[in-house]
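One structure is given here, and the rest of the page talks about it.
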Amino acid sequence: MNLETIPSGELTVSNQRSISRLVAQAGQMLLAHGAESTLVCDIMRRIGLACGVHEVAVALSANALVVTTVMDGHCITTTRSCADRGINMRVITQIQRICIMMERGLLDAAMAQKKLNTISPER
């Protein structure tokens, strides 16, 4: 199936879904590795906005997060549980770098997802 046969609405929803997953994964990693809640919310919102969604709403608890992205009047909400992995500033700063690179237009969502997947907590 090529792009010409896929309705544009499906592409937008699929794109929004992948952005929501990226935002949730980044937040989950930040929360698990000891970032404070304000930083987690801020980075999640910045990543979502850099990807082109219109709004990112985040709710955090000690061991879970809820993310809602809004794009073209369509919202997607996802929930993730977060295991505590101890404080690891290396992971946190790598995610911050990805966020900054996205905001500057150096990374798109797919490249950011690849970079996020390669982050491993070395102790």
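Residue under question is residue 46, and the condition is that it be under 23 Å from residue 119 (Cα atoms), modelled with pLDDT under 95 and of a type outside the set (Phe, Trp, Tyr); does it hold? First the steps, then the outcome.
On the way: under 23 Å from residue 119 (Cα atoms): yes; modelled with pLDDT under 95: no; of a type outside the set (Phe, Trp, Tyr): yes.
It is false that residue 46 is under 23 Å from residue 119 (Cα atoms), modelled with pLDDT under 95 and of a type outside the set (Phe, Trp, Tyr).
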- prompt: Given (1) under 13 Å from the mean Cα position of the chain (by Cα); (2) more than 13 Å from residue 27 (Cα to Cα); (3) of a type in the set (A, V, I, L, M), where does residue 116 come up short, assuming only one miss?
  reply: (2)
Criterion violated by residue 93 - all others in (1) part of a helix (DSSP H, G or I); (2) in contact with a helix residue (DSSP H, G or I) (Cβ under 6 Å, 6 or more places away or on another chain); (3) without any contact (Cβ under 8 Å) to a residue 40 or more places away in the chain satisfied: (2)
message: So, in segment 72-90, how many residues would count as being surrounded by fewer than 15 Cβ atoms within 10 Å (Cβ to Cβ) and not in a strand (DSSP E or B)?
response: 9
query: Scanning segment 18-66 for residues that are in a helix (DSSP H, G or I) and among the β-branched types (Val, Ile, Thr), which turns out surrounded by the fewest Cβ atoms within 10 Å (Cβ to Cβ)?
result: 38
Residue list for segment 91-123, restricted to those being basic (Lys, Arg) and either surrounded by 18 or more Cβ atoms within 10 Å (Cβ to Cβ) or over 19 Å from residue 55 (Cα atoms) (or both): 97, 114, 115, 123
message: Among the numbered criteria (1) under 23 Å from residue 118 (Cβ atoms); (2) crowded, with 21+ Cβ neighbours inside 10 Å, which one does residue 69 miss?
response: (1)
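The values are calculated or read from the model by the stated rules, or taken from the named source; none is laboratory data. The structure displayed is predicted, hence computed values, not measured ones. Don't worry about glycine lacking a Cβ; one is built from the backbone with ideal geometry, like all the others, and counts go over all protein chains shown.
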